[in-house]
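The values are calculated or read from the model by the stated rules, or taken from the named source; none is laboratory data. What you see is a predicted model; the values in this text were computed from it and never measured. Ideal geometry is used to build each Cβ from the backbone, glycine not excepted, and the neighbour counts take in all protein chains shown.
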Amino acid sequence: MEIHGVTKGGMKKIVAVLLFLALCVNGFVLNRRFNTVALSDLASSSSSSATNHTATTTAPTTTTIPLQKDNDGKIVFTCPPPSGSSDSDSDSTNSERDDGFEKDYTSVSREITTNQTEFLATFRTTNYDAWHKSYNTVKNGSTAFKSKYYPKYLQNGSHLYESACGIGLNLFMTLEILQEGGGGGTSGDGTTGITVYGNEYVPESVEKARDVVLAEGVIPSGNQQGTICAGDSTNLGHVPSGAFDLVYTGYVTPSMDLLGIHTDDPEYDDMTEYDEICSSVWRSNSKNETAKEHDWMGNHLWGIMVQKQRDWYGIWVGEMARIAKPGVPVIIEQVSLPYCVEEEDWGGVIKEFWYESARENTYGWDIDPDSIEMMDDTIHKSRYNVFMLKNI
Ligand SMILES: C[S@@+](CC[C@H](N)C(=O)[O-])C[C@H]1O[C@@H](n2cnc3c(N)ncnc32)[C@H](O)[C@@H]1O
């Protein structure tokens with residue numbers, strides 16, 4: 001499995017693109033009752049095939065961690081016990097859903113040197129996060145969005161949190177862009193004095209973030225490391241509410257096995273069943289009535305998948321919004337589109353999802369729907385970045 005950089009092969013791509021183009025030209029697909037619905041509706045919870053299914057993703061139980069600071073002004077909280085330990089409450093998280101990713105991200109993490117000097121000498125030109133793109137390339141592609149939305153809300157003394165921070169490179173990059181004045185310059189007249197916090201599912205990546213990438217002497221000067229925990233982004237119960245000046249995620253790793261087909265094989269690397277469902281959805285666009293009737297099952301399953309993915313994003317972002325201060329940004333970078341809409345990616349949600357979920361407060365985000373802004377991503381063309389403000 002190639003993560004994030006997203007390569008899934010030639011023929012499949014051509015077939016997918018042709019089918020998707022056909023879908024776009026017609027603009028319509030069928031739901032399970034064989035009524036025509038717009039593509040956007042197909043990927044929305046209001047689609048008739050999506051409404052009556054209870055998601056297996058569970059929202060975290062609310063805990064109240066008091067907001068406390070130490071003498072240096074850092075926010076203080078304690079990391080959860082490692083999953084698998086007797087104190088762990090990992091059964092109440094959704095971690096097992098992403099075991100396939102854990103394998104990939106663990107190997108990404110192992111490729112990063114533990115030697116700080118070596119890291120500083122090499123990181124700008126080596127592959128970033130298994131994207132097959134260098135740090136410099138990713139930074140160039142990220143600067144337009146980050147410099148538009150981050151500097152305004154961060155100043156000396158601010159607290160910045162990244163959900164699913166990996167080895168900490170995105171935090172490092174964000175600090176550099178802020179330090180450079182947000183515009184990609186190198187004058188150093190920008191913002192420093194920021195404390196960075198985060199969580200990451202893969203313990204080895206947390207170690208790299210703490211001991212190498214965000215360690216003193218490596219982290220862009222004038223900034224400091226706060227608490228970085230091994231933890232699941234869909235359950236940040238160890239983190240105090242209303243604490244941070246800006247909360248973001250570099251990527252919501254989508255829920256992959258939405259129908260639980262691979263529960264006995266968590267490291268599965270094969271999306272065949274899901275590809276068949278997409279083919280069925282696309283075939284429904286056919287003018288052939290018999291073909292339509294035979295495709296009701298795929299459309300029904302697709303409706304369930306759409307709803308479950310929305311719930312996954314809803315809970316992940318709900319935890320981000322909870323730990324943000326009132327009135328501050330909650331930012332989701334690199335959002336992928338739903339799997340059957342962009343089969344070359346790993347699945348996600350359409351843009352309307354954000355407006356609808358904020359308007360209806362479906363997941364308790366408490367986000368101002370009028371604050372939502374989006375910018376298409378320049379690194380992965382089908383992805384987009386989302387900026388939202390928590391209500392005051
Ligand atoms: C695309 S990478 C982002 C890496 C990060 N921005 C960096 O600079 O290294 C996605 C990260 O999300 C982590 N992840 C995936 N699902 C997660 C979850 N449920 N909770 C926490 N981290 C998760 C992965 O382990 C991976 O490190």
Worksheet item: Within the group MET305, MET320, which residue is in contact with a Leu (Cβ under 9 Å, 6 or more places away or on another chain), within 30 Å of LEU67 (Cβ to Cβ) and aliphatic (A, V, I, L, M)?
Response: MET320
Fill in: Exclusive hit being touching a Ser or Thr at 6+ places or on another chain (Cβ under 6 Å), at pLDDT 85 or above and either more than 14 Å from the ligand (Cβ to nearest atom) or among the hydrophobic types (A, V, I, L, M, F, W, C) (or both), set PHE119, PHE101, PHE123, PHE145
PHE119
Item to complete: Inspect the stretch 215-223 for any residue being closer than 22 Å to THR78 by Cβ and buried (at least 24 other Cβ atoms within 10 Å of the Cβ) and give the result as yes or no.
Response: no
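Let's see how each residue does on (1) modelled with pLDDT of 90 or more; (2) within 15 Å of the ligand (Cβ to nearest atom); (3) among the hydroxyl-bearing types (Ser, Thr, Tyr); (4) within 20 Å of GLU333 (Cβ to Cβ):
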| position | (1), (2), (3), (4) |
| --- | --- |
| SER92 | no, yes, yes, no |
| THR114 | no, no, yes, no |
| GLU176 | yes, yes, no, yes |
| GLY185 | no, no, no, no |
Discussion item. Can you tell me which residue is nearest to the ligand (Cβ to nearest atom) among those in the stretch 228-272 that are within 16 Å of the chain's Cα centre (by Cα) and not in a loop (DSSP other than H, G, I, E, B)?
Written reply: THR249
Worksheet item: Take the residues of the stretch 193-211 that are among the β-branched types (Val, Ile, Thr) and modelled with pLDDT of 95 or more: which is nearest to the ligand (Cβ to nearest atom)?
Response: VAL206
